[in-house]
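The values are calculated or read from the model by the stated rules, or taken from the named source; none is laboratory data. Values in this document were obtained by computation on a predicted structure and should not be read as measured data. Backbone-built Cβ (ideal geometry, glycine too); neighbour counts: all protein chains shown. Side chains included, ligands, DNA and RNA excluded: accessible areas come from the protein's heavy atoms. Shrake-Rupley method; radii C 1.70, N 1.55, O 1.52, S 1.80 Å.
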Amino acid sequence: MDISGQAKRIMVQALSKMYSSRTQRGGLRLHRSLLLTLVMKSARDIYHSARLVSEKEEQCARLVSTTKDLTQKEESIDTTSTEVSGIPVALCALATRSSEGVQRSKNESDPTVQNARETRVDKENCSPPRPDRHSRKRRGKTATEPDFLPCKKAKMDSGEVRRILHDATLRSNSGNCGREMDTLSTTHMLRTVVTC
Amino acid sequence: MRGAGGGANDVQWCFSQVKGAIDDDVAEADIISTVEFNHSGELLATGDKGGRVVIFQQDTENKSLPQCRSEYNVYSTFQSHEPEFDYLKSLEIEEKINKIRWLPQKNAAQFLLSTNDKTIKLWKISERDKRPEGYNLKEEDGRCRDSTTITTLRVPVFRPMDLMVEASPRRVFANAHTYHINSISVNSDNETYLSADDLRVNLWHLEITDRSFNIVDIKPANMEELTEVITAAEFHPHQCNTFVYSSSKGTIRMCDMRASALCDKHSKLFEEPEDPSNRSFFSEIISSISDVKFSHSGRYMMTRDYLSVKIWDLNMENRPVETYQVHEYLRSKLCSLYENDCIFDKFECCWNGNDSVVMTGSYNNFFRMLERTQRRDITLEASRESSKARQVLKPRRVCAGGKRKKDEISVDSLDFNKKILHTAWHPQENIIAVATTNNLYIFQEKVN
């Protein structure tokens, strides 16, 4: 199984284990919940990194084919030749669906380092308002619901979770579109995936 | 001391006894959750998921004969904890006995501490082998005598009776833990003991039940910043001011109670840097320490994580002095073990009487003996098939991959439902107690 598929499977299982532990006798086990959260976090990070790599590769292929068509448009938008973010931003605007991703990529200076971090940052910033923000219950480790899940759902089937994960990934990856296409960044991303 | 140590390879282990039901249909209440010898080794206590404690006593009548094998027979059985309900949190409190610790014997009675997730109890186990007879005002069965029929006076006398073992709760230490208690440890001063839950360690006096002192608190101000929990804690066997606690991150902290009232700041931190080549999705889970035990000498301590046993010299914090792989063949199976929840199993470990051998459990009812001086190890199995009287246990081998040799068992054939989490070693002799799911096996050294 490929890394991203395995990561997704682990995440889904972590979620179901966390849900089922709510009905366990003796109450929620803090240690177990903590370990599941840690596993889910690392699986999530790896999943996003892996998705990033595949998204970048897809966009590389797409951009290569559209570059020729856009030559004239580039000349008009491009501010300076040394500006790193200039060209990719323009291409992003044409290649992506989301505008918030474009804004983020404009602000970043070092795409290679930021890519991995950005994914996580995106996730946190893009998350919907916490379902229990008005709740009077103490929000401990054990009570926190994963932010990309709809609230008040007693049961999650893995199909629904996969769909949500898929949507969330697309939203966050859009900000990294067309970032440095050079070999350095790609290699870095691959390295990240392998060591994890 | 009859061969209290000896290498794992010098000693041949024989089946002695098995306790518990034979049938494969295991009642959940019968699942053994803790095993502990007392300080002399004469008594062996087990706790189960149903909240019961069963104490076995070594038959000492024929101990002087070298040929004789001492047997353990039921001495006392009592219900230690009952299920409770926390109405404020709408939580059920399990009656499962998490730990039993014996107090050193001071008089004729025996004392032990037993704990479930929330409450610790001190039990007195005493023998009664005579009873007073010949009261003036009441009959032998307790009924009052009609005073008008009494014409003479007599002095009641003690007459022998059948041995009766009584267990009575002497102290109940409750309401001190918000999280689930994972350890208790009696101090060498015989006056205090500690109890540890996921985030706190409390110090108690054995005589005082209405208050305890919190000595370690790792709860963060914001629970969402929680990164580690306490998994086990133990007092030093000789230094009454020293204790250690292990964490889910694979670290052990040693604290000195003389330094300050609150021991949040450790005096020593034992941590081994992680091997980056072994990094995986499950690195955090498998590095979590499930048990920590001081050696009898007090010079070393042993920790158990999912795949290994590590022995630490208390004078060296940056790495263990010895590391033993318990079942390295499982490293490539971590994903499946995560799926079936086995990766969360908490294995215990124990030292033999002279600290030369350590023992821990594994799956398929296998248990491992790791001999320290010659770095040799052996895998044995607790099974009904090898349960004939005085049958010598044959070493078992697991085939990790490739061609399976004769007598080897392949990793995929291992039964992960048969796990040995709890083991205990007699403090002086080569007698071990190994708990499978609902049976207690007692093995002894082969006597020629």
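At B:ASP141 and B:ALA21, where each label point lies 7 Å from the Cα along Cα→Cβ, what is the point-to-point distance in nanometres?
It is 3.6 nm.
Gap in Å between the Cα centre of segment B:176-252 and the Cα centre of segment B:85-114?
Measuring centre to centre over Cα atoms gives 15 Å.
Under 10 Å, Cα contacts only: if you run a Gaussian network model on chain B, which one of B:ASP117, B:ASP162, B:ASP291 comes out with the highest mean-square fluctuation?
Its mean-square fluctuation being the largest, the pick is B:ASP162.
Kindly report, to the nearest 10 Å², the accessible surface of B:HIS205 as traced by a 1.4 Å probe over protein heavy atoms only.
60
Projected onto the charge dipole of segment B:116-273 (+1 at Lys/Arg Cβ, -1 at Asp/Glu Cβ, origin at the Cα centre), which of B:LEU153, B:HIS238, B:SER212 gives the Cα projection farthest towards the positive end?
Checking the options against the dipole of segment B:116-273, the answer is B:LEU153.
Shielding by partners for A:20-30, please: the mean number of other protein chain Cβ atoms within 10 Å of each residue's Cβ.
That average works out to 5.
Let me have the 222 nm mean residue ellipticity of chain B computed from DSSP H runs of 4+ only, each contributing -39500 (n - 2.57), with the sum over all residues rounded to the nearest 500.
Using -39500 (n - 2.57) per qualifying helix, the result is -500 deg cm²/dmol.
Under a Cβ-only charge scheme (Lys and Arg +1, Asp and Glu -1), can you give me the dipole magnitude of segment B:147-276 about the Cα centre, in debye to the nearest 20?
For segment B:147-276, the charge dipole is close to 840 debye.
R0 = 51 Å: FRET efficiency of B:MET164 with B:GLU225, Cβ-based, nearest 0.05?
Efficiency, from the Cβ-Cβ distance: 0.40.
Between B:GLU371, B:GLU95, B:GLU284, find the one with the highest GNM mean-square fluctuation for chain B; connect C-alpha pairs within less than 10 Å.
Largest GNM mean-square fluctuation: B:GLU284.
Let me confirm one metric for peptide B:282-288, namely the mean number of other chain beta-carbon atoms within 10 Å of its residues' beta-carbons.
4
Using the Cα centre as the reference, give the magnitude of the dipole from point charges on the C-beta atoms of segment B:208-317 (Lys, Arg: +1; Asp, Glu: -1; all else neutral), rounded to the nearest 20 debye.
360
Which residue fluctuates the most in chain B, going by a Gaussian network model with Cα springs under 10 Å, if the choices are B:ASP59, B:ASP412, B:ASP141?
Its mean-square fluctuation being the largest, the pick is B:ASP141.
Taking R0 as 41 Å, what FRET efficiency do you get between B:LYS446 and B:GLN79 from their Cβ-Cβ distance, rounded to the nearest 0.05?
It comes out at approximately 0.65.
Modelling each spin label as a point 7 Å along the Cα-to-Cβ direction, I'd like the B:ASN175/B:SER90 distance in nm, to one decimal.
So the label points at B:ASN175 and B:SER90 sit 2.4 nm apart.
Around B:ASP197, what is the net charge, scoring Lys/Arg as +1 and Asp/Glu as -1 over all other residues with Cβ under 9 Å from its Cβ?
Value of the local net charge: 0.
Run the quick spin-label model on B:LYS405 and B:THR60: label points 7 Å from Cα toward the beta carbon, then report their separation in nm to one decimal.
Roughly 4.5 nm, to one decimal.
Provide the gained length on full extension for the span B:ASP313 to B:THR373, in nm with one decimal, where the gain is 0.36 nm per separating residue minus the Cα-Cα distance.
Length gained, B:ASP313 through B:THR373: 20.1 nm.
If I take R0 = 45 Å and measure r between the Cβ atoms of B:ASP264 and B:LEU153 in this structure, what FRET efficiency does the formula 1/(1 + (r/R0)^6) give, to the nearest 0.05?
Given R0 = 45 Å and the Cβ-Cβ separation, E is 0.10.
For B:VAL447, B:VAL434, A:VAL64, give me the order by solvent-accessible area with a 1.4 Å probe, most accessible first, ignoring ligands, DNA and RNA.
If we order B:VAL447, B:VAL434, A:VAL64 from most to least accessible, we get A:VAL64, B:VAL447, B:VAL434.
Any idea what the dipole of segment B:98-162 comes to, in debye rounded to 20, about its Cα centre with Lys/Arg Cβ at +1 and Asp/Glu Cβ at -1?
Dipole size: approximately 420 debye.
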